[in-house]
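Student: Take a look at this one; I'll ask things after.
The values are calculated or read from the model by the stated rules, or taken from the named source; none is laboratory data. Predicted, not measured: the structure shown is a model, and the values here were computed from it. Virtual Cβ from ideal backbone geometry, glycine too; neighbours counted across all protein chains shown.
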Amino acid sequence: MRRACQDRVQELLEGFGYRPVETPILEPTELFLRKSGGALASQMYSFTDSGNQQVSLRPEFTAPIMRHYLEHASGIPLPARFQYAGPVFRFEENGRPGQFTQAGAELIGASGVAADAEIISVAAQVPACLGISGVRLALADAGVLHGVLDALNLSDRAKSFVLGQVSVLRRGTEALPQVLARARELNLAGRGPEQGGLAAAIAGLDDSQARQVLEGLFRWQGGEPVSALASAAVLPPRTSGGLGQRNSEDVVERLLRKLRGSDTPEQVTRGLELVAQLAPLQGTPPEVLERARPVLAKAGANESALDRLSNLAGLLEGEPDLAGQVQVDFGLVRELAYYNGLVFQAACPSGDGNEPQMVVGGGGRYDGLARALGSRGAVPALGFAYNLESLMELPGVKF
């Protein structure tokens, strides 16, 4: 049954010009960490092979597909359309199997709203080709939230924290006390004594001298200073097999950037307040975009991302198959630090009208991935993926 679903999806994508590409199941761990920034580390099945190399079972396809393009770029005209299907492996704490089948497509070398509209239109037809009706598409643009935080001149560390709280801030301003308390724990909304002492220790030193001081603290034996430094730098937790580990230079660089940063408690609080006004907004595109504009105006943010989203919604409204299926939802949390433009997810009815919709897929635009994988310049790219097992659980699916 799974193979029949996979064949139907691949046939659909081939009809739109997306040609199949196969990638290895086993890949260097670094490939996926570069793509996710470490966000996938806790979900990956990783180990050291007999050649003492860190390798992982494939947790997703996007990074291997982009790597494939970069290795053969001279012989691949742009835009390039690739599709894939196969097993991926992720550790799931909720007890779901660690292996599932992912099918999707990547459009590389195409920028602009027309490319965004193509990907969404194709993605919307995947459930339909399996006989599943009632798909709902929720859209956002990561550039909207990034634009608000950029207007406040927040550091990368503070922006990462705020974006990581979007799922909580969907509740609106009532969630602010909880999030602000977490920000204070991380010394974002007010410096703790440890950070204040470190900042004072390197005050007046140039970066080279400051690095020497922090490196000396890092090498201090006994564990506590190292833990304090790592915590202050907000590093990913250490895990077995070397995943998430950072050497002293990494810790020092992150901590130095943090201590040299100019975030004030007022800036961080303001950023959280503005995102708390945007994150709960969801509904029809005209309604949500109208409500979002005053928030961006208050922040003094560039509204180009909002205009781009408005243009995209206009294009999708002209698609008869998408009538009434598209909403804008600024509370989407699909790796916001990774996507730089369009983000979306697809949900389908999971039963009768009283049951919630099941999220079965999604994707977005990731123009910075090529550079993260070693390209000298950015390559515009976007794509989507579906969980085939989730699609097969839906009522009405045809094998």
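Student: Please find, within the stretch 47-67, the residue that is nearest to Gly164 (Cα to Cα) out of those that are surrounded by 20 or more Cβ atoms within 10 Å (Cβ to Cβ) and hydroxyl-bearing (Ser, Thr, Tyr).
Tutor: Thr62
Student: Please verify whether the stretch 318-335 includes one or more residues that are part of a strand (DSSP E or B), within 25 Å of Phe82 (Cα to Cα) and either in contact (Cβ under 8 Å) with a residue 12 or more places away in the chain or basic (Lys, Arg) (or both).
Tutor: Our first condition is that a residue be part of a strand (DSSP E or B); within the stretch 318-335, this holds for 326-329.
The next check asks that each one be within 25 Å of Phe82 (Cα to Cα); those that pass are 326.
Add one more test, that the residue is either in contact (Cβ under 8 Å) with a residue 12 or more places away in the chain or basic (Lys, Arg) (or both), and what stays is 326.
Among the residues of the stretch 318-335, at least one is part of a strand (DSSP E or B), within 25 Å of Phe82 (Cα to Cα) and either in contact (Cβ under 8 Å) with a residue 12 or more places away in the chain or basic (Lys, Arg) (or both), which makes the answer yes.
Student: Scan the stretch 340-362 residue by residue and report those that are in a loop (DSSP other than H, G, I, E, B), under 15 Å from Ala138 (Cα atoms) and at pLDDT below 90. Write out each step before concluding.
Tutor: Step one: list which residues in the stretch 340-362 are in a loop (DSSP other than H, G, I, E, B), which gives 340-341, 350-356.
Remaining after also requiring under 15 Å from Ala138 (Cα atoms): 341, 356.
Hit for the stretch 340-362 is Pro356, nothing else.
Student: Just to be sure, is Ala110 under 17 Å from Leu342 (Cβ atoms) and surrounded by fewer than 20 Cβ atoms within 10 Å (Cβ to Cβ)?
Tutor: Values: under 17 Å from Leu342 (Cβ atoms): yes; surrounded by fewer than 20 Cβ atoms within 10 Å (Cβ to Cβ): yes.
Considered against the rule, which asks whether it is under 17 Å from Leu342 (Cβ atoms) and surrounded by fewer than 20 Cβ atoms within 10 Å (Cβ to Cβ), Ala110 comes out as yes.
Student: Can you name the number of the only condition in (1) at pLDDT 75 or above; (2) farther than 30 Å from Gln83 by Cα; (3) surrounded by 20 or more Cβ atoms within 10 Å (Cβ to Cβ) that Arg184 fails?
Tutor: (3) is the only condition that Arg184 fails.
Student: Could you list, in sequence order, the residues of the stretch 86-120 that are hydroxyl-bearing (Ser, Thr, Tyr) and in contact with a helix residue (DSSP H, G or I) (Cβ under 7 Å, 6 or more places away or on another chain)? Can you show your working first?
Tutor: First, the residues of the stretch 86-120 that are hydroxyl-bearing (Ser, Thr, Tyr): 101, 111.
Thr101 - this is the single residue of the stretch 86-120 that is hydroxyl-bearing (Ser, Thr, Tyr) and in contact with a helix residue (DSSP H, G or I) (Cβ under 7 Å, 6 or more places away or on another chain).
Student: I'm trying to understand the selection: among the residues of the stretch 101-131, which are part of a strand (DSSP E or B) and closer than 16 Å to Leu315 by Cα?
Tutor: First pass over the stretch 101-131, keeping only residues part of a strand (DSSP E or B): 101-108.
Passing the criteria: none in range.
Student: Another question, if that's okay. Does the stretch 351-370 contain any residue that is assigned by TED's automatic domain parsing to the domain that holds Leu40, over 22 Å from the mean Cα position of the chain (by Cα), within 25 Å of Ala103 (Cα to Cα) and not aliphatic (A, V, I, L, M)?
Tutor: To start, the set of residues in the stretch 351-370 that are assigned by TED's automatic domain parsing to the domain that holds Leu40 comprises 351-370.
Imposing the further condition that a residue be over 22 Å from the mean Cα position of the chain (by Cα) reduces the set to 351-356.
Of the ones still in play, those that are also within 25 Å of Ala103 (Cα to Cα) are 351, 356.
Subsequent filtering for residues that are not aliphatic (A, V, I, L, M) retains 351, 356.
Within the stretch 351-370, one or more residues are assigned by TED's automatic domain parsing to the domain that holds Leu40, over 22 Å from the mean Cα position of the chain (by Cα), within 25 Å of Ala103 (Cα to Cα) and not aliphatic (A, V, I, L, M).
Student: Can you list the helices (runs of 4 or more DSSP H) lying wholly within the stretch 1-100 that have 1 or more residues being touching a Cys at 6+ places or on another chain (Cβ under 9 Å) and touching a residue at least 24 places away in the same chain (Cβ under 8 Å)?
Tutor: Working: elements: 2-15, 29-36, 62-71.
Here the list reads 2-15.
Student: In addition: Answer with yes or no whether Arg270 is touching a strand residue (DSSP E or B) at 6+ places or on another chain (Cβ under 9 Å) and either assigned to a helix (DSSP H, G or I) or buried (at least 18 other Cβ atoms within 10 Å of the Cβ) (or both). Before you say what the answer is, go through the steps one by one.
Tutor: Working: touching a strand residue (DSSP E or B) at 6+ places or on another chain (Cβ under 9 Å): no; either assigned to a helix (DSSP H, G or I) or buried (at least 18 other Cβ atoms within 10 Å of the Cβ) (or both): yes.
Here the answer is no, as Arg270 does not meet what is asked.
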